[in-house]
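Below is one structure, written out as structure tokens; the observations come after it.
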Amino acid sequence: MKCFFKLLYPLLICFTSLAQEQSTIFTSKQLSKNITIITYDTDSSNKNKPIVYVTDGKKFIKNGSLSLIKKLSKEDKIPKAFYVFVSTIDPKTGNDYRNNYFFNNPKYIAFFEEELIPTIEKSFGQTFNPEDRSLIGISFGGLNGAYFSAKSSAFKNFGLLSPVTYPKKEELIRDITFSKNKDLNIFLSTGTNDAESYFNDLYAIYTSKNYTIKTLETKGGHDFKNWNGQLEEIFNFLN
């Protein structure tokens, strides 16, 4: 069952009253945009579980990632968790704002920290610590995840799948270098047939910060076939 609201208060009612998978339209003051949010609770009877935020959320769902998460959860191959899929596509116009959101945008962090996280987590009726939160991003979403790892204190766990950092590479490396964030867990992957590879630079800077890092090099490319194949491994590491 799905519901669509633009105001934050009705959003809370919607999320707390319906079934496991829910969709709504969130109006962000920080971004001056409407953003589609899809949530999924793998086990509504168990509130003691982590929360995973996924950028490029509609693309993940369209390409089978949520279906795979449901299957892996049902088979107990990944830990039970709350999932929040955050779309970059305007629900009315169809315009994709991923580059605007993902290229080291402080307003995108403010949207998460000041608007999205408090509203979503209140709707679940649970208080999460940064240790309980993960942020997953692919390609330019990996750039965004790396930026969050430097600038946001809301997350301790990051999944950077085939990160492409060239639009803001020098700025990103500087931000990570001088970041005060500690004790992060980073899943960092690349494919041997990926379109681009910025794996080594990120690995080096994260190693210098003494973060816990898990790396994965696949034979895959820059596509969801590759990324979906990593979900079991990434969620078992981050959660």
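A few notes on this one:
- Contact map, region 222-233: residues that are touching a residue at least 60 places away in the same chain (Cβ under 8 Å) paired with residues that are of a type in the set (Phe, Trp, Tyr) and assigned to a helix (DSSP H, G or I), Cβ distance under 9 Å, separation 6+ or inter-chain. Pairs shown: Phe224/Phe60; Trp227/Phe60; Asn228/Phe60.
- Residues of region 205-225 classified as assigned to a helix (DSSP H, G or I) and either among the polar types (S, T, N, Q) or in contact with a helix residue (DSSP H, G or I) (Cβ under 9 Å, 6 or more places away or on another chain) (or both), total: 5
- The set of residues in region 117-169 that are more than 20 Å from Phe26 (Cα to Cα) and hydrophobic (A, V, I, L, M, F, W, C) comprises Phe128, Ile138, Phe140, Leu143, Ala146, Phe148, Ala150, Phe155, Phe158, Leu160, Leu161, Val164.
- Looking only at residues of region 202-221 that are open to solvent by 30 Å² or more (accessible area, probe 1.4 Å), under 21 Å from the mean Cα position of the chain (by Cα) and not β-branched (Val, Ile, Thr), we find that the one that is nearest to Asn185 (Cα to Cα) is Lys214.
- Qualifying residue in region 152-169 (condition: free of Cβ contacts under 8 Å to residues at least 12 places away in the same chain and either farther than 27 Å from Gly229 by Cβ or open to solvent by 20 Å² or more (accessible area, probe 1.4 Å) (or both)): no
- Output for region 99-146, where each listed residue is of a type in the set (Val, Ile, Thr) and either open to solvent by less than 30 Å² (accessible area, probe 1.4 Å) or closer than 20 Å to Lys59 by Cα (or both): Ile109, Ile117, Thr119, Ile120, Ile136, Ile138
- A search for C-beta distances below 6 Å between a residue of region 198-215 that is on the phi < 0 side of the Ramachandran plot and any residue that is not hydrophobic (A, V, I, L, M, F, W, C), counting only pairs 6+ apart in sequence or on different chains, returns Tyr198/Pro163; Tyr198/Thr165; Phe199/Thr190; Thr212/Asn185; Ile213/Tyr206.
The values are calculated or read from the model by the stated rules, or taken from the named source; none is laboratory data. Quick caveat, the model's predicted, so the values are computed rather than measured. Ideal geometry is used to build each Cβ from the backbone, glycine not excepted, and the neighbour counts take in all protein chains shown. All accessible areas refer to the heavy atoms of the entire protein, side chains included, with ligands and DNA or RNA removed. Shrake-Rupley method; radii C 1.70, N 1.55, O 1.52, S 1.80 Å.
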